[in-house]
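The values are calculated or read from the model by the stated rules, or taken from the named source; none is laboratory data. Because the structure is a prediction, the values reported are computed rather than measured. Positions of Cβ are backbone-derived with ideal geometry, glycine not excepted, and every protein chain shown enters the neighbour counts. Only protein heavy atoms, including side chains, enter the accessible area calculation; ligands, DNA and RNA are left aside. Shrake-Rupley method; radii C 1.70, N 1.55, O 1.52, S 1.80 Å.
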Amino acid sequence: MPDIAIQRIHRTRLLQIWRSAGWPCRDAIEIDLLAAGMVRLAEEAGGHEVLRLTDAGIVCLAEARQKGARALSAHDRLAMRFSEQLRAAGRIVWRELSLRAAVEALPTAPMPAPASAPAPAPGPQAAPMPAPAGRLALRGLWDDDEEGAGGACAPTPAVARIWRMARPDLFSIRHTSVPAYLQPMVHEVKASRADLLSDLRHAAKREAYQWLCEECYYVFPAGIARPEEIPEPFGVWVLHGTIETGRFELLRPARHARCPLPFAVWMALCRATPMYGDGEPTQALLGEGVEGADGPAAEPVLAETAPCAPDAAGSPSPELADPDPLSPPGPPAAGTAPVAAPTPAAQP
């Protein structure tokens, strides 16, 4: 048997076969996997062939998964650990979403007026001096070049809105059907003090996070920073102990600001896949009402309703539906006098 080196492209194909029905592609990658004994061809009841992983293929995927888990950095492991706490609290969590946020830029300060130049010597008319760069250069669009106007007709410059891409470490909303109860949150995870100080130097980045959510928090191991070093609108979570077995503590809650989710954020959430743990039953709801390992499905129990008794006047209860006018009348109930038919009117 040839010695075939299993590369990343082979492991990717193994994972695709494991997650799918196993329809063969008949390409060179599958030839390598068949020759290496990672997969085998199996014939289904309908006569068609499918690919199935062998024990060697499953072992290869398990080893690759363990190597990938060990290769995670401390930042990634801390983010995964805190996401478990958010999901346990009933929140839907996304990681490293690319969201478009608006940041209000400060208005541009007016440039100082140029120093007064000496009067030109008499002679041919001198060329006009160019307008200074910046917002003062727009004065000629509105004023009438009147002496002393001072640009009073110029409109007040509006505050510019700059859009930037924000990538929060963890973005979560509550699992609810009421839009007012979503309570979007952003959690920025920092595994080192250098990473935290670098993030605190970017005010526009923090402003983008506040535009996306109602509460924003910093999450870092205990001892990296004091709560006083974090801006007041942001909450602080710290981890006591190791990442795998430590516990989280809320040192300061974040300032709550009402913020409905923009439409662009909704579209980003629709395109992304939320996080879920390995032990979460992702398809548990699909097994309700069908036979499975827990035994046959329970029969639906119908509530027995007592017949409505007639009232004092002998008429049925108003909650009962009217009888079909096309069906023949049934026999009178026991204990009730038959109702006489109306006598037809005499013909003239």
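Evaluate the following for E249: is it touching a residue at least 12 places away in the same chain (Cβ under 8 Å), among the charged types (D, E, K, R) and more than 19 Å from A79 (Cβ to Cβ)? Spell out the reasoning first.
On the way: touching a residue at least 12 places away in the same chain (Cβ under 8 Å): yes; among the charged types (D, E, K, R): yes; more than 19 Å from A79 (Cβ to Cβ): no.
Here the answer is no, as E249 does not meet what is asked.
Which residues, taken from the range 30-55, are more than 17 Å from I9 (Cβ to Cβ) and β-branched (V, I, T)?
The answer is V50, T54.
Suppose we keep only residues that are in a strand (DSSP E or B) and of a type outside the set (A, V, I, L, M) within the range 14-63. Which one would you say is most open to solvent (accessible area, probe 1.4 Å)?
E43
Among (1) surrounded by 12 or more Cβ atoms within 10 Å (Cβ to Cβ); (2) farther than 30 Å from G246 by Cα; (3) touching a residue at least 12 places away in the same chain (Cβ under 8 Å), there is one condition I9 misses while meeting the rest; what is its number?
All conditions pass for I9, except number (1).
Among the residues that make up the range 59-77, is at least one of them closer than 30 Å to P179 by Cβ, at pLDDT 80 or above and of a type outside the set (K, R)?
No, there is no match, as no residue in the range 59-77 is closer than 30 Å to P179 by Cβ, at pLDDT 80 or above and of a type outside the set (K, R).
So, in the range 178-217, of the ones that are in contact with a Leu (Cβ under 7 Å, 6 or more places away or on another chain) and assigned to a strand (DSSP E or B), which residue ends up farthest from R87 (Cα to Cα)? So that I can check it myself, show each step before the final result.
Narrowing the range 178-217 to residues in contact with a Leu (Cβ under 7 Å, 6 or more places away or on another chain): 182, 184, 186-187, 189-191, 212.
Among the residues that remain, those that are also assigned to a strand (DSSP E or B) are: 186-187, 189.
Working: V186: 14, H187: 13, V189: 16 Å.
For the range 178-217, the residue satisfying everything is V189.
Listed here are the residues, each with its yes/no results for (1) among the charged types (D, E, K, R); (2) open to solvent by less than 20 Å² (accessible area, probe 1.4 Å); (3) in contact (Cβ under 8 Å) with a residue 40 or more places away in the chain.
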| position | (1), (2), (3) |
| --- | --- |
| S177 | no, no, no |
| Y181 | no, no, no |
| V186 | no, yes, no |
| K190 | yes, yes, yes |
| L200 | no, no, no |
| E207 | yes, no, yes |
| L212 | no, yes, yes |
| P221 | no, no, yes |
| R226 | yes, no, no |
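Results for (1) open to solvent by 80 Å² or more (accessible area, probe 1.4 Å); (2) more than 15 Å from V186 (Cβ to Cβ); (3) at pLDDT 90 or above, shown as yes or no for each residue.
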| site | (1), (2), (3) |
| --- | --- |
| T245 | yes, yes, yes |
| F248 | no, yes, yes |
| R252 | no, yes, yes |
| R255 | yes, no, yes |
| C259 | no, no, no |
| F263 | yes, yes, no |
| L269 | no, no, no |
| A272 | no, no, no |
| G277 | no, yes, no |
